[in-house]
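Just so it is clear, none of the values below were taken in a lab; they were calculated from the coordinates. Only a predicted model underlies this, so the values are computations on that prediction, with no experimental measurement involved. Heads up, the Cβs are rebuilt from the backbone with ideal geometry, glycines too, and the neighbour counts pull from every protein chain shown.
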């Protein structure tokens, strides 16, 4: 099927079809950084997290990025990170991460946890953004907090967002809910998102599927890729 830039194509989802408008769509690749995805990163090395589910989505995300580039979609990569002096770290987030057992700025094999400029904050090696693609450092779980992303999207006429990345229940869901409240048509690609726990991943998916579609849309990347 040939996709038209300004006419909606209805993508099958788990509830109601999603009205994809290709010429107004961007792909979000959320927090695919070493700290969360690399065996030597903070979550894998210091916390001993099971990275198998996170690593399994990398090939699917790469395939989706290729598809997005083929159709001239804007690709946006985010990194959860803070300035070296932690001046952009809120008191609430500082305490929440202390409570969780991994304070922001903690030392690790790949540098201070979630601090800009450290190896752990860099995107994984498999992801090689083009010069035309955006990389955004965000100090919150939602990429719309304390960044220019909303205005950038409006300036480019983007009204539709495709969601991939980690972790599903944290930064993916946080950004998804925020985007929906800002008025963006948001489609979560469940097979291109992951968590360290499949139970937490599914719980986040269930949130988006809640109330018969009142929260949002969920599908798998194959349903999208078969359209073109």
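See the values below:
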item: Inverse of mean 1/r across different Cα pairs in the stretch 63-157, Kirkwood, Å; result: 14.9
item: Per-selection Kirkwood Rh - the stretch 157-205 (Cα, Å, 1 d.p.); result: 10.8
item: Calculated [θ] (222 nm, deg cm²/dmol) that DSSP helices of n ≥ 4 give over the chain, each run adding -39,500 (n - 2.57); result: -8500 deg cm²/dmol
item: Relative contact order computed over the stretch 9-106 (Cα-Cα under 8 Å; 6+ residues apart), in percent; result: 25
item: The stretch 80-228 - convex hull of the alpha-carbon atoms, volume per residue in Å³; result: 152
item: Gaussian network model of the chain, Cα within-10 Å springs - most flexible of 141, 95, 55; result: 95
item: Debye log10 I(q)/I(0) at q = 0.14, 0.17 Å⁻¹ for the stretch 111-171, Cα point scatterers; result: -0.51, -0.76
item: In degrees, nearest ten, helix 91-100 long axis to first principal axis of the chain (Cα); result: 80
item: Inter-centroid distance (Cα atoms) of the stretch 82-153 relative to the stretch 1-73, Å; result: 19
item: Per-pair calculated FRET efficiency, R0 = 22 Å: residue 62 and residue 202 via Cβ, rounded to 0.05; result: 0.40
item: Between 0 and 90°, nearest 10: helix 58-70 axis offset from the chain longest Cα axis; result: 50
item: Acute angle (nearest 10 degrees) that the helix 198-213 long axis makes with the longest principal axis of the chain, alpha-carbon atoms; result: 40
